[in-house]
Every structure is written in C-alpha cells, then in structure tokens.
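Enquirer: Mind having a look at this structure? Questions to follow.
The values are calculated or read from the model by the stated rules, or taken from the named source; none is laboratory data. Values in this document were obtained by computation on a predicted structure and should not be read as measured data. Methodologically, a virtual Cβ is constructed for each residue, glycine included, from the backbone with ideal geometry; neighbour enumeration extends over all protein chains shown. With ligands, DNA and RNA removed, areas are computed over all heavy atoms of the protein, side chains included. Shrake-Rupley method; radii C 1.70, N 1.55, O 1.52, S 1.80 Å.
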Amino acid sequence: MSTELPFNLIRRRGLMMVLSSPSGAGKTTISRRLLEADSEINLSISVTTRAPRKGEVDGRDYSFIDATEFNLLINRDQLLEHAKVFGNYYGTPRLPVEKTLSEGRDVLFDIDWQGTQQLKEKARADLVSIFILPPSWFELERRLFSRAQDDPAEINRRMAKASDEMSHWAEYDYVIVNRDLDQSVAAVQSILLAERLKRDRQVGLAEFISGLKAGH
Ligand code: 5GP
C-alpha cells in the first residue's frame, strides 16, 4: 500500500480580500507588508482619474487615466466596481482579478466602502473584508500631516471625510485597530490563513478523503 497521500487533489479557490480604512489609518503600509511576505496574493491595481502624488508610479500604485477613458471602461463593463471618492473616480479592472482567482490565487483590494459593497453584491462567497481603524483621532491627524503628500486643504477634507468613512465599520467581516504595525500585519495574515482553510475554499476535499478511506 502506498504511504503517499494524494495532497495534490486539494486545490484552493482564490479569495478576494478587501482592506478599507479612512486615509491615514495605515492600510497601505499593512498591504505592502502583506504582499512582500506572501506570494500567493496579488494586489489589484485600480484605475483612477486622480492626479499622481509625488513618488507614485503609473501601473504600480494606480493606472492613472482621464475621465473619458474611465467612462469607456464602465461602458464596456470592464470594471468590477467603481466609485467617486474625494471628487475623483476610482475603479477595479475586472480581467486581472478574474485571471488571478482562476489560477487559485488571492487578490488584495485597497478600496473604499462603496466598492466593498459592490463586490459583496457580486461575489459574497469569495469576499473577505477587513476594516482598519486608527488608534485615535489625534493619531489619524498626525499621520496625515506627517505624510505631507497632500496640500493642507486636501488633508482637512480627508479628516472631515474620515468620520463618514468610519461609520461603515459594521459592514465589514473583521475590524482591526492599528495600534502596532507588526501586530496588525500579523492579524491580517491570521485572517487570511483561516479564510484559506475554510472548507468551501479547499476544492477536491471529497476526492482526497475518498482516497484516504481507500487506504492511499
Ligand atoms: P487615495 O487617493 O488616497 O489613493 O485613495 C482614496 C480612497 O479611494 C481610499 O479609501 C482607497 O481605498 C479608495 N480606492 C482606491 N482605489 C479604489 C477603487 O478601485 N475602488 C474604490 N471603490 N475605491 C478605491
């Protein structure tokens, strides 16, 4: 009798993991750390009509497009979700997401609550959503100012918007208060691991167990 178990019968169905938060809560840093440590998850690169910030790279941080191109993508049904945030348009291109999921890999989304709701309507079973909160209002303000990528008027607008954003916390599966970056990254990794192990996401389990019972 073979002692080798047919592990290769078990494949994974990719999941969609959303991270949302008010600007400055640390979501981008957490995503970056997660992506560096885990080659099984890809970042969804959004399209936006917002102008690039200093240091942002087209195709890496966002694909920067104009309003005409954005409307064309909507009309051609090439966006999985889209929303207006701070007066600019943002959207998730459909094809790269579908490709990654079909390969049994996961996709990470850095999108707002409006986009999360749209993904929930389209693909609830595949969606895992996490809301990141700052430890305090003061800390949120401090982070936005120290980032200094936006002009003061923009920072004030984002602070005003933050409480609005935060009112959507209850629509998320998980909530993390980002007091310590290492701990927050570990928390996101734990959620990802547990969600990957969910029975429905392990395709081929029934065959594997039949094999086990047959003595393989
Ligand atoms: P920022 O301009 O600071 O990069 O992003 C502003 C907000 O837009 C953030 O809350 C970010 O999560 C959200 N966002 C970025 N890309 C998308 C997207 O493709 N769809 C939606 N709905 N929101 C997005």
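Enquirer: How much of the accessible area of the stretch 84-216, probe 1.4 Å, is carbon plus sulfur, in whole percent? Working shown, then result.
Expert: Working: 4020 of 7230 Å².
Result for the stretch 84-216: 56 percent of the exposed heavy-atom area is carbon or sulfur.
Enquirer: Please report the relative contact order for the chain, taking Cα pairs under 8 Å with a sequence separation of at least 6, and give it as a percent rounded to a whole number. Could the numbers behind the result be given before it?
Expert: Numbers: 311 pairs, mean separation 77.2, N = 216.
This gives 36 percent for the chain.
Enquirer: Go from 0 up to the bin containing the longest alpha carbon distance in the stretch 88-130, width 5 Å each, and give me the % of pairs per bin.
Expert: All Cα pairs considered, the percentages come to 5, 19, 34, 28, 12, 2, 0.
Enquirer: Let me ask something else about it. Identify the trypsin sites (Lys or Arg not before Pro) of the stretch 163-216 meeting these criteria: DSSP loop state and at most 15 other C-beta atoms within 10 Å of the C-beta. Walk me through the numbers before you get to the answer.
Expert: Working: sites: Arg179, Arg196, Lys198, Arg199, Arg201, Lys213; in loops: Arg179, Lys198.
In loop regions of the stretch 163-216 (DSSP not H, G, I, E or B), the sparsely surrounded trypsin sites (Lys or Arg not before Pro) are Arg179, Lys198.
Enquirer: Express in Å², to the nearest 10, the accessible area of Phe64 obtained by rolling a 1.4 Å probe over the protein heavy atoms while all chains stay in place.
Expert: Answer for Phe64: close to 40 Å² accessible.
Enquirer: Just the accessible area per residue of the stretch 51-93, please: how many Å² with a 1.4 Å probe?
Expert: 60 Å²
Enquirer: What residues have an amide H closer than 5 Å to that of Leu80, excluding those fewer than 5 places away on the same chain, when H is modeled at 1.01 Å from N in the peptide plane?
Expert: It is Thr92, Arg94, by chain and number.
Enquirer: Further question on the same structure: When only alpha-carbon atoms are used, what values of Rg and Dmax, in angstrom, describe the stretch 43-173?
Expert: 15.6, 43
Enquirer: Still on this model: Would the stretch 173-216 count as rounded, prolate or oblate if I go by the C-alpha gyration tensor, calling it rounded below 1.5 in a/c and otherwise prolate when a/b exceeds b/c, oblate otherwise?
Expert: Working: a/c = 6.81, a/b = 3.51, b/c = 1.94.
Taking the square roots of the gyration eigenvalues as a ≥ b ≥ c, the stretch 173-216 is prolate.
Enquirer: Below 8 Å between Cα atoms, with a sequence gap of 6+, how large is the relative contact order for the stretch 1-90 in percent? Intermediate results must be reported in sequence, preceding the final value.
Expert: Numbers: 55 pairs, mean separation 18.3, N = 90.
Taking the mean separation of contacting Cα pairs over the length of the stretch 1-90, I get 20 percent.
Enquirer: Cβ neighbours within 10 Å, averaged per peptide: list 42-55, 25-38 in order, most packed at the top.
Expert: 25-38, 42-55
Enquirer: Could you rank Ile41, Ile65 by how accessible they are, 1.4 Å probe, largest area first?
Expert: The most accessible residue leads, giving Ile65, Ile41.
Enquirer: Need one word for the stretch 28-105: rounded, prolate or oblate. Basis is the Cα gyration tensor (sqrt eigenvalues a ≥ b ≥ c); a/c below 1.5 gives rounded, then a/b vs b/c decides.
Expert: Note, shape of the stretch 28-105 comes out oblate.
Enquirer: Can you show me the helix-derived [θ] at 222 nm for the chain, built from DSSP H runs with n ≥ 4 at -39,500 (n - 2.57) apiece and divided by the number of residues, rounded to the nearest 500.
Expert: Rounded to the nearest 500, it is -13000 deg cm²/dmol.
Enquirer: Please give the contour-minus-distance gain from Ile10 to Arg32: 0.36 nm per residue of separation, less the Cα-Cα distance, rounded to one decimal in nm.
Expert: Computed gain between Ile10 and Arg32 is 5.0 nm.
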